[in-house]
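This report refers to the structure that appears directly beneath it.
The values are calculated or read from the model by the stated rules, or taken from the named source; none is laboratory data. All values reported here derive from a predicted model rather than from experimental measurement. Neighbour counts run over all protein chains shown; Cβ positions are idealised from the backbone, glycine included.
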Amino acid sequence: MATPEEIEALMARVALGDRAAFQSLYATTSAKLFGICLRVLSSRAEAEDALQEVFVKIWRNAGRYRVNGLSPMTWLITVARNHAIDRVRARRAENADLDVVNQMPDEAPGPETSAIQSSERARLIDCLDELPDGRARAVRLAYLQGETYADLAARFDVPLNTMRTWLRRSLLTLRECLSR
Amino acid sequence: MSGETDPEDDRVLAGEYALGLLSPEEARAFEERMSAEPALRELYAGWAEDLAALTDDVEEVAPPADMPARIETALFGAAPRRSLWQRLGLTWIIPGAVLASLLTFFVVSNDLLVLDGDVPPLRAEIAAQDDSLRVLAAYDADDGALRVTRDAGAAAPGRALELWLIAGQGAPVSLGVLPEARDGVLQVAPELAEKLPGATLAISDEPPGGSPTGAPTGDVLATGQVPSQGA
């Protein structure tokens, strides 16, 4: 993986319409972003379509990542994640009867994957671990599967407002932990 | 949730927004506030950075080999005939139409939030025929800024490079002197910006500080075409 500075330099050139830089950016980031699309969508064909659309967005918006103060890699991840989430939600809306939600694989990462330990990640994981049972999982399900309050309430079998209160409280705890 | 500005609440609200848990109406209201409140933007950015760490253990998977071609086709149309099409700047016109059709699908998306603004930038390459001078320019209507990067070449010693806008049969209008640094931003007045789509951009050799007459006085070193719409 390229350094953040390299990615930032590529993004700056993509913003100016440099197609060679766009190809380099694709070469350095597409496997990561495709992995995210696959994780969210659990379908290769859909993940491929999503990835294509994500790079179209990246081309068009590369100049704007600074607007919200995100680092370049976070911006790329967020664009891919949000786009995949939109797709998965659209699919769920279409297949509401099929109860796709409950067929989603669970998110517990295997031990072999924890090899890549960035300090950022370690901090987030530590803070998630401080949450009461189930709450950390709800945060992961929202982020990586696009589950809504309604989905989560159904999954954890609690009333919607209870779910909302739980999660909001968890976010506050998480924020305090992360800011420590 | 109804318009409170309790800082503790905002921290949670920004997290809910980053996770995509807000209703479309709530999300829109949040975005509106975010565009006016830097502190809120910072809260959101903090969440986005922290939550992105949840993808650290997502396995990387190489996309199919034809993916770059698919993306290129979606953006630039089929089989670009590089030299001619690129020089004419026509590659930029086709994608506009393709994108417009894709966009109706995209807009459902909560990540316009990330992208803030939806007028695609106008981009042009202003180059000498022998590429001895090459400048990339991108105009973003959201902030009225024309971002320029000098890719190749430079002003002659003791001289300056000035950028001109030529719309249709009109006389060249100065967009400003290019910075000595490689990268820079020229602010474009709205009445000039209106004329950018489809216009020609040119760079001329001028005395320091730019043309004293308001019209190009030195050689035109490079030209380029602005597409008629952004992509």
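The table for this structure:
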| read-out | value |
| --- | --- |
| Restricting region A:1-54 to residues that are in a loop (DSSP other than H, G, I, E, B), more than 11 Å from chain B (Cβ to nearest Cβ) and in contact (Cβ under 8 Å) with a residue 12 or more places away in the chain, the residue that is farthest from A:H83 (Cα to Cα) | A:A2 |
| Region B:222-231: number of residues that are more than 14 Å from chain A (Cβ to nearest Cβ) and either of a type in the set (S, T, Y) or surrounded by fewer than 21 Cβ atoms within 10 Å (Cβ to Cβ) (or both) | 2 |
| In region A:152-169, the residues that are more than 9 Å from every other protein chain (Cβ to nearest Cβ) and either buried (at least 22 other Cβ atoms within 10 Å of the Cβ) or in a loop (DSSP other than H, G, I, E, B) (or both) | A:D157, A:V158, A:P159, A:M163 |
| Of all residues making up region A:55-74, the number that are crowded, with 24+ Cβ neighbours inside 10 Å, more than 7 Å from chain B (Cβ to nearest Cβ) and either of a type in the set (F, W, Y) or closer than 19 Å to B:A53 by Cα (or both) | 1 |
| Residue match in region B:203-220 (condition: at pLDDT 90 or above and within 30 Å of B:E72 (Cα to Cα)) | yes |
| Failed item in (1) touching a helix residue (DSSP H, G or I) at 6+ places or on another chain (Cβ under 7 Å); (2) within 16 Å of B:S228 (Cα to Cα), with B:I126 passing the rest | (1) |
| Selection within region A:8-25 - buried (at least 22 other Cβ atoms within 10 Å of the Cβ) and within 23 Å of B:T55 (Cα to Cα) | A:L10, A:M11, A:F22, A:L25 |
| Selection status of A:R39, of a type in the set (K, R), modelled with pLDDT of 95 or more and not assigned by TED's automatic domain parsing to the domain that holds A:E147 | yes |
| Residue tally, condition at pLDDT 95 or above and among the small types (G, A, S), over region A:46-78 | 2 |
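One line per residue, one yes/no per condition, for (1) farther than 23 Å from A:G63 by Cβ; (2) surrounded by 18 or more Cβ atoms within 10 Å (Cβ to Cβ):
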site	(1), (2)
B:E162	yes, yes
B:G168	yes, no
B:P172	yes, yes
B:I203	no, yes
B:E206	yes, yes
